[in-house]
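The values are calculated or read from the model by the stated rules, or taken from the named source; none is laboratory data. Source: prediction; values computed, not measured. Using ideal geometry, Cβ is built from the backbone for each residue, glycine included, and neighbour counts are taken over all protein chains shown.
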Amino acid sequence: MYLIDSFLAWNYTACHHRDKAPDELVWIPNMLKNNIATAFLQMATSGAVREAYEKYIHPDFIHHNAHFKGDRESILRGMEESAQQFPNKQCEILRTLEDGDMLAVHCKITLDAETVFALIHIFRIEDEKIIEAWEASQEARKDSPNENGIF
């Protein structure tokens, strides 16, 4: 059993283990929230949706996508359908922001040569898995009056 100290060093957490001396720390590796979310998005976008879910999505996952029922299986099926419909879909991670157990990921999603979206995912992480998700998107317009673009 590990008693976690709130001391993070790079990608490891310092812990006291019950079988070690009280002043002896054990270092255990963390999967950073950033790595969990970006690996999930890259794997799911590449078409390995079910594998991405098995590896990175918590069994009690819920989401807030208005196009699907709020459970894990409904959005999984929707993502699998999207992967079949857009087999060359690409996800470019532009930036990430972390706050406690929350992570926001700003992406450029290219469905095909004509269809590009700016997408912001907000993930809540629990036990090194994504347990809750929100998203907001907008399509990139070729005729946009904004000279700064959406990326």
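Got a sec? Which of E114, E132, E92 is in the same structural domain as Y53 (by TED's automatic domain parsing), more than 10 Å from the chain's Cα centre (by Cα) and surrounded by 11 or more Cβ atoms within 10 Å (Cβ to Cβ)?
Checking each option against the conditions leaves just E92.
When region 20-53 is filtered for residues that are at pLDDT 90 or above and over 13 Å from the mean Cα position of the chain (by Cα), the ones remaining, listed by number, are S46, G47, A48, R50, E51.
Among the residues making up region 125-151, those that are closer than 19 Å to D71 by Cβ and touching a Phe, Trp or Tyr at 6+ places or on another chain (Cβ under 9 Å) are K129, I130, I131, E132, A133, W134.
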